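Quick notes on the structure that follows.
The values are calculated or read from the model by the stated rules, or taken from the named source; none is laboratory data. Note that the structure is a prediction, hence the values are computed from the model and not measured. As a convention, Cβ positions derive from the backbone with ideal geometry for all residues, glycine included, and neighbour counts pool all protein chains shown. Each accessible area value is taken on the protein alone, full model and side chains, heavy atoms only, with ligands, DNA and RNA left out. Shrake-Rupley method; radii C 1.70, N 1.55, O 1.52, S 1.80 Å.
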2 protein chains.
Amino acid sequence: MTTRTSADPSAQALYEAMSGLAGPLSSGEGAAPDFAAAPRAAAGEEKSVLILGAGVGGLTAAYELGRLGYRCTVLEPQTRTGGRNRTARKGDKLYELDGEGNSPVLTHTCAFDKGLYLNLGPGRIPYHHRRVLKYCTDLGVALEPYIMETTANVVHRAGHTPPGRPWRNRRIANDTRGHLAALLSATLTESDEFTGLLRDLLRKFGDLDEEGEYHGSTRSGYAEPLEVQEFPRPAPPLALADLVTSEFWKHRFYQPVDYLWQATMFQPVGGMDKIVHALTERVTSEYDVTVELKAEVTSVDLTGDGVSVTYRSGGQELTASADYCVSNIPLPVLKQLTLTGFSTEFRNAVEAVGFAPTCKVGWQANRRFWENDHNQIYGGISWTDHPITQFWYPSNDYFSKTGTLTGAYNFGDHAEEMGKLAPGDRLRLARDGAAQLHREFLEKTTVPQDLGVTIAWHKVPHQLGGWADWDPADPAHQVAYKQLLQPEGDGRFYVVGDQASPLPGWQEGAMMSAQYVAAQILGLLPRTAPETVQVPDATFLTQGL
Amino acid sequence: MTTRTSADPSAQALYEAMSGLAGPLSSGEGAAPDFAAAPRAAAGEEKSVLILGAGVGGLTAAYELGRLGYRCTVLEPQTRTGGRNRTARKGDKLYELDGEGNSPVLTHTCAFDKGLYLNLGPGRIPYHHRRVLKYCTDLGVALEPYIMETTANVVHRAGHTPPGRPWRNRRIANDTRGHLAALLSATLTESDEFTGLLRDLLRKFGDLDEEGEYHGSTRSGYAEPLEVQEFPRPAPPLALADLVTSEFWKHRFYQPVDYLWQATMFQPVGGMDKIVHALTERVTSEYDVTVELKAEVTSVDLTGDGVSVTYRSGGQELTASADYCVSNIPLPVLKQLTLTGFSTEFRNAVEAVGFAPTCKVGWQANRRFWENDHNQIYGGISWTDHPITQFWYPSNDYFSKTGTLTGAYNFGDHAEEMGKLAPGDRLRLARDGAAQLHREFLEKTTVPQDLGVTIAWHKVPHQLGGWADWDPADPAHQVAYKQLLQPEGDGRFYVVGDQASPLPGWQEGAMMSAQYVAAQILGLLPRTAPETVQVPDATFLTQGL
């Protein structure tokens, strides 16, 4: 059941048998159904599939089913494909639901200079998200490194780092390492060989002196600029007491250590939506796949032979039917539809989980001040306890004149509160937060107010949130998630998307889910859910870091 | 004395005054002499400079003096500029001195496919090496990220990690963090607020459980590939005893933590020699600078009015003279020349320091097996206690068909021993070391023997080593280094290069030294050495990591 990109699968298998490498070394390796084992639909016997929603999950399902000869129609309510995979460029219109959560309202239009862009949804691809990387390779989507962390990034903590004088990542990270290593070293009283080795490890780990004490390290930077006559001396260390009382580790400082954000990450050159553009182009040009935009589904009926779907398009109410239906509609949207012929268990499952609120803010900057001699920041994220939470620097077009910055990416209450603000007020709030990291945000010629964009995903029509907020501790979620892994209506109706995957909020999850469902439709996997099902943990994304 | 790239220097100064950011945040910021304050040489009064050696230091001196109207002649014994900044491509010939260290012998010719290349000398640029980055920007040299470390990299330790089953970086790094944090947490018996915070920090730092214990973390990878029904479980942790007794931290595992190798690093797109090509092109096309290749200096005479240099070129012995002479000749080569009119102090200084032995090996691979689903390695370095020491993966052309690997980069005894071998034997040794990391090295169709290149820098004519092996603990070095920071012969003869900088082995050091000497010649800096001079620490490069 495992596909490999290796040029020589038999050599690869031999290698693993020889080396035992199939074990821990291959952890996290992507496994995908073996679609090569599925027969193409015979001519004249082709099966039809209605795919609801042209997000990454829907498009991937169209790709996998389409290339095996299934006739697919994708119904997408928006004027673009991609769903939350969205990249803002000049002229792009941003809509949100009004205060009552009813009508979509045009809130603003992106006014970036031509050639600039900012990813409003997913922004990075881990090296172990093999499906995303494989589709990019197959589709010819060029990738470049996404820099998650540079030690030049900064941290602002109210009451600890004065506004405009944040701490550098390298000082926090390495002075903390040094202090912790020294504390532990001081507790080692044995004189056996193991303890000797442990002391040596701690010296290297924390850059301690021969006595096992920490007095600062050039890992944290130099005390002053280098000159020919001066060998680098370490900057004076941040005191352990200052570090600890600042509680810098709250608000995500160690997020880049987690597997999902470890180097080497990637991003598509030119914007994340290159993936959905390439997927859309491939399925519509090479397979029997039609994508209907501005087609808003209102009801799904399983009481007939196949699946019947009603949708609004061009002011009309239309009906389409097919052998199978794959729903990439976010669960909070799906539960608002008229669902006929569905089980109570399925209806309960759809209603069980909410989607997480999350906001982003983007800025065009007219000079890349963060890359100057003073800041020296090339990519990565600065962290703050301000409601903006995090501040991303671009991992593309380094050393050019202008660029875009992600000026907020927040969760939970911060996102709820920010989402209640009108876009102009969100930008003002985000500017305040950014100015605590970079005083250049006080200059509106450098970062013009009218070149900001903002999105509150929980208010975006047809989305209603960032990702399914699965919580393994919630018994209702345990029932619901398992239910969603099996089709309704005798194998006719399927749910896809990162919402039905162990990776909520990640494109890899959407693709994994689409492959799983395609394999169920193709008969490569059983149409019942696996016996043991773990509930995804989305709380990890927002609170666990 | 500080130059800034900021578009608006006054706003920058104001910002720093407001924010106090000029302090620790700007640590490591490059400072360069203010060449704008130097008057251009008046017409008809132009001064002449002989620059010996077209390495990075010599070319930078030609750039800074040339653009102020000084007439420069660069004498370079080789058929190319760049010195140790060298990128191997198809057809490049590699010469080394014969067994007696006398005659240069053609050892082999690079046979990489067209379009492939490998940096044989410097391979990366730290974000705080502001001079290199500024020259690249000024010269239009495109840069891309150099990935120093990915957590998919591996470590091989004889007797601890079986051949072909190395440990992943992410497991070593994060299981060690976890165990150390748990050890320290267990020693905390106080119940005050500070200790409570410290415990919380340790939980985040080491990914400990609520009891402060470490039982593994997804930071180290997943136990098995993800499926829709399975939320990621951590791989079982490496035991502390296994980690400690493996002594993994020896042989450079924590090198990427050091300031010099912290993210975000860069490399020129297309090869490091793009820098010297751009420098050579700029100085010869825009300034009054001539570069004479195959011009081997044999003597320098300071007894006349200016400086007189004798050199061999085209079978002839020629003499050139000028007002100033800037020597970029490596000290071990310089001491072999006939030096007339030099002080004893200077001669002693030239002889005081040796150059470090260092070897590199490069491979062309006919498929990028390291990027496949099994290995998932994109850039970074794997470490081994085999004599090859380290193994680099390319930070360019990801997801393409073929690529080049740095199959050895070693120091000290390993480099001495490897340098004694004939190139074919070096490649065989390097293949053995690589096969312990990647069994694909057992397949000569994947990594053909005749597509390997190797260089022992200490045997390369006109170089004789990797860098000046300065040791601050050596009293002779303290005298010598200071001596080299001031000119000989009444301000007529100067030494440049990373050998006369606090950054031996780094292009930033060569450029810093060239700027320092140019400023001395221009009268912007005194021609005496600074009163207090720190000796560079090159031992750090080889033993301190």
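Test A:P504 against the stated conditions and say whether it is surrounded by fewer than 17 Cβ atoms within 10 Å (Cβ to Cβ), under 30 Å from A:R157 (Cβ atoms) and modelled with pLDDT of 95 or more.
Details: surrounded by fewer than 17 Cβ atoms within 10 Å (Cβ to Cβ): no; under 30 Å from A:R157 (Cβ atoms): yes; modelled with pLDDT of 95 or more: yes.
No; evaluated as a whole, the condition is false for this residue.
When you look at A:K444, is it surrounded by fewer than 21 Cβ atoms within 10 Å (Cβ to Cβ), at pLDDT below 95, farther than 26 Å from A:L503 by Cα and of a type in the set (K, R), yes or no? Step through it out loud before you land on a result.
Details: surrounded by fewer than 21 Cβ atoms within 10 Å (Cβ to Cβ): yes; at pLDDT below 95: yes; farther than 26 Å from A:L503 by Cα: yes; of a type in the set (K, R): yes.
Yes, satisfied.
If you check A:G412 against the conditions, is it open to solvent by less than 10 Å² (accessible area, probe 1.4 Å) and either under 23 Å from the mean Cα position of the chain (by Cα) or aromatic (F, W, Y) (or both)? Explain how you work it out, then say what you get.
Details: open to solvent by less than 10 Å² (accessible area, probe 1.4 Å): no; either under 23 Å from the mean Cα position of the chain (by Cα) or aromatic (F, W, Y) (or both): yes.
Here the answer is no, as A:G412 does not meet what is asked.
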Where B:E211 falls short, out of the listed (1) part of a loop (DSSP other than H, G, I, E, B); (2) more than 7 Å from chain A (Cβ to nearest Cβ); (3) crowded, with 20+ Cβ neighbours inside 10 Å: (3)
Looking at (1) in contact with a Leu (Cβ under 7 Å, 6 or more places away or on another chain); (2) facing chain B (nearest Cβ under 9 Å); (3) open to solvent by 10 Å² or more (accessible area, probe 1.4 Å), which is the only condition A:P472 fails? (1)
Kindly indicate whether A:V283 is crowded, with 22+ Cβ neighbours inside 10 Å and more than 35 Å from the chain's Cα centre (by Cα). no
Positions within region B:219-244 being at the interface with another protein chain (Cβ under 7 Å from one of its Cβ atoms) and either in a helix (DSSP H, G or I) or within 36 Å of the chain's Cα centre (by Cα) (or both), in sequence order: B:R219, B:G221, B:Y222, B:A235, B:V244
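Would you check if A:R252 is surrounded by fewer than 20 Cβ atoms within 10 Å (Cβ to Cβ), among the charged types (D, E, K, R), touching a strand residue (DSSP E or B) at 6+ places or on another chain (Cβ under 7 Å) and more than 8 Å from chain B (Cβ to nearest Cβ)?
Against the criterion (surrounded by fewer than 20 Cβ atoms within 10 Å (Cβ to Cβ), among the charged types (D, E, K, R), touching a strand residue (DSSP E or B) at 6+ places or on another chain (Cβ under 7 Å) and more than 8 Å from chain B (Cβ to nearest Cβ)), A:R252 does not qualify.
Return yes when B:L279 is under 30 Å from A:G206 (Cβ atoms) and either of a type outside the set (D, E) or touching a strand residue (DSSP E or B) at 6+ places or on another chain (Cβ under 6 Å) (or both) and no when it is not. Walk me through it before giving the result.
On the way: under 30 Å from A:G206 (Cβ atoms): no; either of a type outside the set (D, E) or touching a strand residue (DSSP E or B) at 6+ places or on another chain (Cβ under 6 Å) (or both): yes.
It is false that B:L279 is under 30 Å from A:G206 (Cβ atoms) and either of a type outside the set (D, E) or touching a strand residue (DSSP E or B) at 6+ places or on another chain (Cβ under 6 Å) (or both).
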Just to verify a result, which residue in region A:384-393, among those that are open to solvent by less than 10 Å² (accessible area, probe 1.4 Å) and in contact with a Leu (Cβ under 9 Å, 6 or more places away or on another chain), is farthest from the other protein chains (Cβ to nearest Cβ)? A:I388
What are the pairs, 6+ residues apart or on separate chains, where a residue within region B:94-122 that is in the same structural domain as B:S400 (by TED's automatic domain parsing) and part of a strand (DSSP E or B) has its Cβ under 8 Å from a residue that is open to solvent by 60 Å² or more (accessible area, probe 1.4 Å) and aromatic (F, W, Y)? B:P104/B:Y95; B:V105/B:Y95; B:L106/B:Y95; B:T107/B:Y95
Do you know which residues across region A:163-185 are part of a helix (DSSP H, G or I), within 9 Å of another protein chain (Cβ to nearest Cβ) and either of a type in the set (D, E) or surrounded by fewer than 17 Cβ atoms within 10 Å (Cβ to Cβ) (or both)? none
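Is it the case that B:I329 is within 30 Å of B:R439 (Cβ to Cβ), among the aliphatic types (A, V, I, L, M) and modelled with pLDDT of 95 or more?
On the way: within 30 Å of B:R439 (Cβ to Cβ): no; among the aliphatic types (A, V, I, L, M): yes; modelled with pLDDT of 95 or more: yes.
Taking the combined requirement at face value, the residue does not satisfy it.
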Among residues of region B:142-162 being in a loop (DSSP other than H, G, I, E, B) and more than 8 Å from chain A (Cβ to nearest Cβ), the residue nearest to the chain's Cα centre (by Cα) is B:M148
Please determine whether any residue of region B:15-34 is within 30 Å of A:R170 (Cβ to Cβ), under 29 Å from the mean Cα position of the chain (by Cα) and either more than 14 Å from every other protein chain (Cβ to nearest Cβ) or at pLDDT 95 or above (or both). no
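Among the candidates A:K294, A:K274, A:K335, single out the residue that is of a type in the set (K, R) and crowded, with 18+ Cβ neighbours inside 10 Å. Explain how you work it out, then say what you get.
Details: A:K294 fails: crowded, with 18+ Cβ neighbours inside 10 Å; A:K335 fails: crowded, with 18+ Cβ neighbours inside 10 Å.
None of the other options fit; the residue is A:K274.
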Please tell me if B:E371 is within 11 Å of chain A (Cβ to nearest Cβ), without any contact (Cβ under 8 Å) to a residue 24 or more places away in the chain and open to solvent by 10 Å² or more (accessible area, probe 1.4 Å). no
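Would you pick out the residues in region B:48-62 that are under 22 Å from B:W467 (Cβ atoms) and among the hydroxyl-bearing types (S, T, Y)? Even if it seems obvious, please write down each step before you answer.
Of the residues in region B:48-62, the ones under 22 Å from B:W467 (Cβ atoms) are B:51-62.
Scanning region B:48-62 gives a single hit, B:T60.
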Find the residue count for region B:516-534, including only residues that are within 10 Å of chain A (Cβ to nearest Cβ) and open to solvent by 10 Å² or more (accessible area, probe 1.4 Å). 8
